[in-house]
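The values are calculated or read from the model by the stated rules, or taken from the named source; none is laboratory data. Source: prediction; values computed, not measured. Cβ: placed from backbone, ideal geometry, glycine included. Neighbour counts: every protein chain shown.
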Amino acid sequence: MTRRITLFLGCAALLAALLTGCGVDKPHSPTVVLTGTDYFERYVAIGSSMTAGFMDGGLMLNGQLGSYPSLVARQMGHSVAVSSSATFTQPYILSPGIGITSTGSTSVTAGVLYWTGTGVALLGTTPTASVPSLAVMATLPAPYSNLAVPLATTSDVLNALTSANSQVPNNRYFDLILRNPTFGNVTMLNQAIGRKPTLVTLWIGAEEILTAATTGSPALGVNLTPAAYFAGWLDQIIEQIQVNVAQLSGTAPLIIAANLPVLDDIPYFVPKALVDAIAGATVPTDESPVSYVRLPALSFLAVPDSLPLDGRWTLSTAEAGTVTGLIEAYNANIASVCDERDVPVVDAQALFATLHDEGLDGLTGGLYALGEATTAFSLDGIHPNNRGQGLVANAFVEAINEAAGTSLAGVDVGSLVWDPTYGTGD
């Protein structure tokens, strides 16, 4: 990359005015056709937890610096420093991070998880009123380059402005990352378009499935978004990026999307047969038959009073079938919509399957393996750790090279370090 990236935003009213054209039906032909490394100039990431660098149950600086967009941006020559001069910016969160673990009080917010040597615990907590002070880049006078919001759904990308109208109720990550009304009450999608990107990575759809599955009670049309809605929203997102960026900048961005992994390859969902093998006996459950047990429930196996496991901790065979079928439908939608829109797709489903087959999914004999040199997942069992994010980054790099005709080098995954103890020394 030979040019320093600059972005002029002007006042919030101007940005809002520029974006009111979103949703135009007819394509707008770009006046300049980008090629090769031209696509690297302005990179924007759209998505949810996997893209945001959410790790170990929360959002914090170390996970964000290791996010796949951050790694891809560095390979393209961008600076990702915790500085307003960085050319790829993220909503960096200071220690102890902002997590989703319950503290039992709305006045106290959990940080990320860390490994104590025998289990997991909170690295720390923050008074909820003080959480905004952890956002070290909050005064950046432009939307972030990585706009991914943990727990964001596909509908949220199009519609959510703040925690007040997020699909997952009261998702305060929206307030910290979109920072509305600073930019005129603009959605994630429209903030991304306003940056006039030359490259966009889009990985969305997991939250509307996994958030429901982690309750132990997924139900289609109740907390699982039907595939037809997802397909329509995904198509709108891609169309609006293609049409409106061309109108604003005169160039057509390269968009790279990704599909979704299946339950078997996400270590949070432990096969019931494996749970029985750990216990050395059939673990009793309220639901029957059961396909998966949620990872945190493994800690109950040594506590007889916690058995049988109630339905919050298990996915029945019927529930698992519903979730699996919906993932398959979403992936079919991603393939179809992206083919129609000429958008390459990273096969994240195949990548996560490889991690499982090679024993890098964090499960060894059923117990969560915390060897930072082997596992690719973080302590929450869903989100990749630094090493896993490196593998995801390389899948995106490969797709970018193929689509743009570039020779961008991959990330040296062996140099990436995950410390589940967070330096506690326990």
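Every condition in (1) out of contact with any strand residue (DSSP E or B) (no Cβ under 9 Å at 6 or more places or on another chain); (2) surrounded by 15 or more Cβ atoms within 10 Å (Cβ to Cβ); (3) part of a helix (DSSP H, G or I) holds for Asp305 except the one numbered (2).
Where helices (runs of 4 or more DSSP H) sit wholly within region 26-100, those with at least 1 residues that are surrounded by fewer than 22 Cβ atoms within 10 Å (Cβ to Cβ) occupy 61-65, 68-75.
Do we have Ala297 as surrounded by fewer than 18 Cβ atoms within 10 Å (Cβ to Cβ) and in a helix (DSSP H, G or I) here? Here the answer is no, as Ala297 does not meet what is asked.
Being within 29 Å of the chain's Cα centre (by Cα), farther than 20 Å from Ala376 by Cα and of a type in the set (Gly, Ala, Ser) is a description that does not apply to Ser288. Taken as a whole, the structure places Asp265 among residues that are touching a His at 6+ places or on another chain (Cβ under 7 Å) and either of a type outside the set (Phe, Trp, Tyr) or surrounded by fewer than 21 Cβ atoms within 10 Å (Cβ to Cβ) (or both). When you check Ala395 against the structure, is it modelled with pLDDT of 90 or more and not in a loop (DSSP other than H, G, I, E, B), yes or no? Yes; evaluated as a whole, the condition is true for this residue. Taking the criterion of being farther than 23 Å from Leu94 by Cβ, surrounded by 21 or more Cβ atoms within 10 Å (Cβ to Cβ) and touching a Leu at 6+ places or on another chain (Cβ under 8 Å), the residues of region 146-159 that qualify are Thr154, Val157. Taken as a whole, the condition of being of a type in the set (A, V, I, L, M, F, W, C), surrounded by fewer than 22 Cβ atoms within 10 Å (Cβ to Cβ), modelled with pLDDT of 95 or more and in contact with a Lys or Arg (Cβ under 9 Å, 6 or more places away or on another chain) applies to Val243. If you check Pro169, Pro261 for being in a loop (DSSP other than H, G, I, E, B) and in contact (Cβ under 8 Å) with a residue 24 or more places away in the chain, only one passes: Pro261. Residue under question is Gly423, and the condition is that it be farther than 25 Å from Val200 by Cβ and not in a helix (DSSP H, G or I); does it hold? In short, yes. For Thr314, state whether it is within 26 Å of the chain's Cα centre (by Cα) and modelled with pLDDT of 95 or more. Criteria met by Thr314.
So that you can scan it fast, the table gives a plain yes or no per residue for (1) free of Cβ contacts under 8 Å to residues at least 60 places away in the same chain; (2) under 22 Å from Ala399 (Cα atoms); (3) of a type in the set (A, V, I, L, M):
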| residue | (1), (2), (3) |
| --- | --- |
| Pro284 | yes, no, no |
| Val323 | no, no, yes |
| Ala350 | yes, yes, yes |
| Asp361 | no, no, no |
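Within region 392-412, the presence of a residue that is buried (at least 19 other Cβ atoms within 10 Å of the Cβ) and hydroxyl-bearing (Ser, Thr, Tyr) is excluded.
One line per residue, one yes/no per condition, for (1) part of a loop (DSSP other than H, G, I, E, B); (2) among the charged types (D, E, K, R); (3) under 27 Å from Thr225 (Cα atoms):
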{"site": "Tyr114", "(1), (2), (3)": "no, no, no"}
{"site": "Ala142", "(1), (2), (3)": "yes, no, no"}
{"site": "Pro150", "(1), (2), (3)": "yes, no, yes"}
{"site": "Ser155", "(1), (2), (3)": "no, no, yes"}
{"site": "Ala192", "(1), (2), (3)": "no, no, yes"}
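Pull up region 205-226, narrow it to residues that are within 16 Å of Glu319 (Cα to Cα) and of a type in the set (A, V, I, L, M, F, W, C), then point me to the one that is surrounded by the most Cβ atoms within 10 Å (Cβ to Cβ). Among those that are within 16 Å of Glu319 (Cα to Cα) and of a type in the set (A, V, I, L, M, F, W, C), it is Ala213. Selection over region 105-131 of residues that are surrounded by fewer than 12 Cβ atoms within 10 Å (Cβ to Cβ) and in contact with a strand residue (DSSP E or B) (Cβ under 7 Å, 6 or more places away or on another chain) gives a count of 2. Annotation: of all residues in region 219-258 being of a type in the set (A, V, I, L, M) and assigned to a strand (DSSP E or B), the one that is farthest from Ala393 (Cα to Cα) is Leu220. Yes or no: region 296-304 includes at least one residue that is touching a residue at least 40 places away in the same chain (Cβ under 8 Å) and either farther than 21 Å from Asp265 by Cα or not hydroxyl-bearing (Ser, Thr, Tyr) (or both). Within region 296-304, one or more residues are touching a residue at least 40 places away in the same chain (Cβ under 8 Å) and either farther than 21 Å from Asp265 by Cα or not hydroxyl-bearing (Ser, Thr, Tyr) (or both). Taking region 264-280 as the range and being assigned to a helix (DSSP H, G or I), farther than 18 Å from Thr317 by Cβ and touching a strand residue (DSSP E or B) at 6+ places or on another chain (Cβ under 8 Å) as the test, only Ile278 passes.
Apart from one condition, Val343 fits all of (1) aliphatic (A, V, I, L, M); (2) in a loop (DSSP other than H, G, I, E, B); (3) modelled with pLDDT under 95; (4) surrounded by 14 or more Cβ atoms within 10 Å (Cβ to Cβ); the exception is (3).
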